[in-house]
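Here is the structure we will look at, set down as structure tokens.
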Amino acid sequence: MTLPDPDLLHPIPATPRVVQLRPLIAAQSEVTNVTAGRFTYYDDPEHASEFLARNLPYNFGFSGARLSIGSFCAIATGTRFVMPDAMHAMQGVSTFPFAILGGAFAEALDLGAYPFPRMGDTVVGHDVWFGMDALVMPGVRIGHGAVIAAHAVVTQDVPDYAIVAGNPARLVRRRYEEAEAARLVALAWWDWPLERIARAISHLVRGPVSALEDMAR
């Protein structure tokens with residue numbers, strides 16, 4: 001049995017528009033706050049290998065926040081994950097980030113003491129599909145098996161196996177009701193050995209959940 005390689009940068013022969021994020025991140029040691037699981041890929045006909053520079057705006061690092069993307073996620077062209085460093089203080093009259101300009105502005109209140117909002121980490125589960133030009137705002141959790149529609153703006157958490165669309169993104173429907181979604185999360189098929197996943201693919205793409213449960217026993 002020949003199995004695909006989760007650490008091959010371009011997993012599809014002669015198709016440079018598709019990159020797997022795990023090896024892409026591993027090759028850029030200066031980016032330490034982003035992780036991706038095995039086989040998660042980004043598709044872009046022009047800038048696939050520039051994902052970390054172009055698709056993570058404001059990843060300056062001073063917030064300490066992380067972006068964690070699970071395994072087997074499919075990320076379409078133009079999907080962006082806004083990092084918390086983009087956020088401006090809103091406690092006072094002005095939202096202007098005076099301290100970044102240095103000099104007397106920075107001395108008045110240094111950058112480390114500036115009251116930027118603390119949004120926390122952005123966490124994407126496993127087996128999530130992102131449509132073209134989706135935008136994920138800081139600090140949200142996107143559940144396993146979710147679908148994010150093209151041009152959706154995700155401003156709040158997305159449940160497991162939910163489909164969301166719009167600006168701001170709203171629940172369209174659930175792919176599985178909560179009880180079945182919980183069964184799928186408990187199965188955690190994305191963590192199985194590759195040999196078992198290969199044997200399970202017909203069930204993964206057609207169902208039912210019970211067939212996967214039988215394979216897990």
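The values are calculated or read from the model by the stated rules, or taken from the named source; none is laboratory data. Since we're looking at a predicted model, the values are computed, not measured. Using ideal geometry, Cβ is built from the backbone for each residue, glycine included, and neighbour counts are taken over all protein chains shown.
Quick check on segment 76-85. Is at least one of its residues closer than 13 Å to Thr40 by Cβ and either exposed (fewer than 15 other Cβ atoms within 10 Å of the Cβ) or not hydroxyl-bearing (Ser, Thr, Tyr) (or both)?
Initially, segment 76-85 is screened for residues closer than 13 Å to Thr40 by Cβ, giving 76, 79, 81.
Next, only the ones that are either exposed (fewer than 15 other Cβ atoms within 10 Å of the Cβ) or not hydroxyl-bearing (Ser, Thr, Tyr) (or both) stay: 76, 81.
Yes.
Each row is one residue, and each column tells you yes or no for (1) in the same structural domain as Met132 (by TED's automatic domain parsing); (2) over 29 Å from Leu3 (Cα atoms); (3) of a type in the set (S, T, N, Q); (4) touching a residue at least 40 places away in the same chain (Cβ under 8 Å).
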| position | (1), (2), (3), (4) |
| --- | --- |
| Asp160 | yes, no, no, no |
| Ala169 | yes, yes, no, no |
| Leu204 | no, no, no, no |
| Pro208 | no, no, no, no |
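Can you report the number of residues in segment 11-29 which are part of a loop (DSSP other than H, G, I, E, B), touching a helix residue (DSSP H, G or I) at 6+ places or on another chain (Cβ under 9 Å) and either surrounded by 17 or more Cβ atoms within 10 Å (Cβ to Cβ) or at pLDDT below 95 (or both)?
1
Results for (1) aliphatic (A, V, I, L, M); (2) in a loop (DSSP other than H, G, I, E, B); (3) at pLDDT below 95; (4) not assigned by TED's automatic domain parsing to the domain that holds Ala186, shown as yes or no for each residue.
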position: Phe39; (1), (2), (3), (4): no, yes, no, yes
position: Tyr42; (1), (2), (3), (4): no, no, no, yes
position: Glu46; (1), (2), (3), (4): no, yes, no, yes
position: Phe51; (1), (2), (3), (4): no, no, no, yes
position: Ser63; (1), (2), (3), (4): no, yes, yes, yes
position: Thr77; (1), (2), (3), (4): no, yes, no, yes
position: Ser94; (1), (2), (3), (4): no, yes, yes, yes
position: Gly112; (1), (2), (3), (4): no, no, yes, yes
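Give the residues of segment 1-44 that are without any contact (Cβ under 8 Å) to a residue 24 or more places away in the chain, closer than 22 Å to Ala134 by Cβ and either in contact with a Cys (Cβ under 6 Å, 6 or more places away or on another chain) or of a type in the set (S, T, N, Q) (or both), sorted by residue number.
Residues satisfying the conditions are Thr15, Gln20.
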